[in-house]
Amino acid sequence: MENKPSKLKSALNYGAMFGLAILVINLLIYVLEMYDSTLMTIVSSVVGIGGLVYGIKKYRDEVCGGTISYGSALGYGVMIALFASIIVAVGNYAYWGFVDDGFLQFKLEEQENEFYESGLPDDQIEMSMNMTAKFLTPGMASIFGIIGQVIFGFILSLIAAAFLKKDPDSFDQT
């Protein structure tokens, strides 16, 4: 009898692999200060999407015997996204909090420029920037990162599950 990994452990493994890959890409972005790089955004997105689809497909083929329901594929994809987002958030928190908060400062400056360009009065800009600074801390940015990545993972899983679901053949009598 073959020892199959549990759904949770399997999702954790794929989430860890792809979370670490995305974290490495993020660290390259931060170290090279390529905050607005479209190429790096595309690379990070492709790795995330590819990781999610790959994880669901491998789970379907290797653990579930080649069949998986839509709901099971969706749930599995969300679990991968959750575990990957936690790893990315912890890595980002450590980097922003203890090494370099340049990315957060960049985002603050970018927001301030947007406020000025929108024509807000100086007192409103100052008040808005104080509020924005409270939310652009390493902890808050990491929490919002987890939430955003899980939502993005859910949407991707909705789509991926539609393509990867494979119901058992109703004529098989196994």
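The values are calculated or read from the model by the stated rules, or taken from the named source; none is laboratory data. Model, not experiment: these values are computed from the prediction. No Cβ is skipped: glycine too gets one built from the backbone with ideal geometry, and neighbour counts run over all protein chains shown. Please note that ligands, DNA and RNA were not included when accessible areas were found on the heavy atoms of the full protein model with its side chains. Shrake-Rupley method; radii C 1.70, N 1.55, O 1.52, S 1.80 Å.
Here S10 sits with roughly 10 square angstrom of accessible surface, probe radius 1.4 Å. Average accessible surface for segment 83-143: 61 Å² per residue, computed with a 1.4 Å probe over protein heavy atoms with every protein chain in place.
Every Cα-Cα pair in the chain was counted, and those over 21 Å apart are 56% of them.
Springs join every pair of Cα atoms under 10 Å in this Gaussian network model of the chain, and among G148, G65, G51 the largest mean-square fluctuation is at G65.
When shorter helices are ignored and each DSSP H run of at least 4 residues is given -39500 (n - 2.57), the per-residue value for the chain at 222 nm works out to -25500 deg cm²/dmol.
Rolling a 1.4 Å probe across all protein chains gives T41 an accessible area of roughly 80 Å².
Shape analysis of segment 38-95 based on the Cα gyration tensor places the equivalent ellipsoid semi-axes at 25, 14, 8 Å, largest first. Tell me, what % of the accessible area of the chain is carbon and sulfur with a 1.4 angstrom probe? Heavy-atom surface of the chain belonging to carbon and sulfur, 1.4 Å probe: 65 percent. Start at zero, step by 5 Å, and the Cα-Cα distances of segment 1-91 spread as 3, 15, 23, 21, 15, 10, 7, 4, 2, 0, 0 percent across the bins.
When segment 1-71 is described by a simple charge dipole with +1 on each Lys and Arg Cβ and -1 on each Asp and Glu Cβ, the residue from L52, T38, N26 located farthest towards its positive end is L52. Which of I143, I42, I29 moves the most in a Gaussian network model of the chain with Cα springs under 10 Å? Per the Cα network of the chain with a 10 Å cutoff, I42 tops the list. With one equal scatterer per alpha carbon and no solvent term, the Debye-computed log10 I(q)/I(0) for segment 106-174 at 0.15, 0.18, 0.27 1/Å reads -0.70, -0.82, -1.10.
Other residues lying with their Cβ under 10 Å from the Cβ of I68 contribute a combined charge of +2, Lys and Arg counting +1, Asp and Glu -1. Counting Lys +1, Arg +1, Asp -1, Glu -1, what net charge surrounds P138 among other residues with beta carbon under 14 Å of its beta carbon? Residues close to P138 contribute a combined charge of 0. Treating the beta-carbon of each Lys and Arg as +1 and of each Asp and Glu as -1, no other charges, what is the dipole magnitude of the chain about its Cα centre, to the nearest 20 debye? Result for the chain is approximately 1180 debye, rounded to the nearest 20. For I68, the residues whose amide H sits under 5 Å from its own are K166, D167, ignoring neighbours fewer than 5 places away on the same chain, with H placed 1.01 Å from N. Along segment 160-165 the Karplus relation, 6.51 cos²θ - 1.76 cosθ + 1.60 evaluated at θ = phi - 60°, assigns HN-Hα couplings of 4, 4, 4, 8, 9, 4 Hz to successive residues, with x for each Gly and Pro. Counting only lysines at least 8 places from K107 when in the same chain, those with an alpha carbon closer than 19 Å to its own are K134.
The string of couplings for segment 55-63 from the Karplus curve (6.51, -1.76, 1.60, θ = phi - 60°) is x, 5, 5, 5, 4, 4, 6, 9, 9 Hz, one whole number per residue in order, with x for Gly and Pro.
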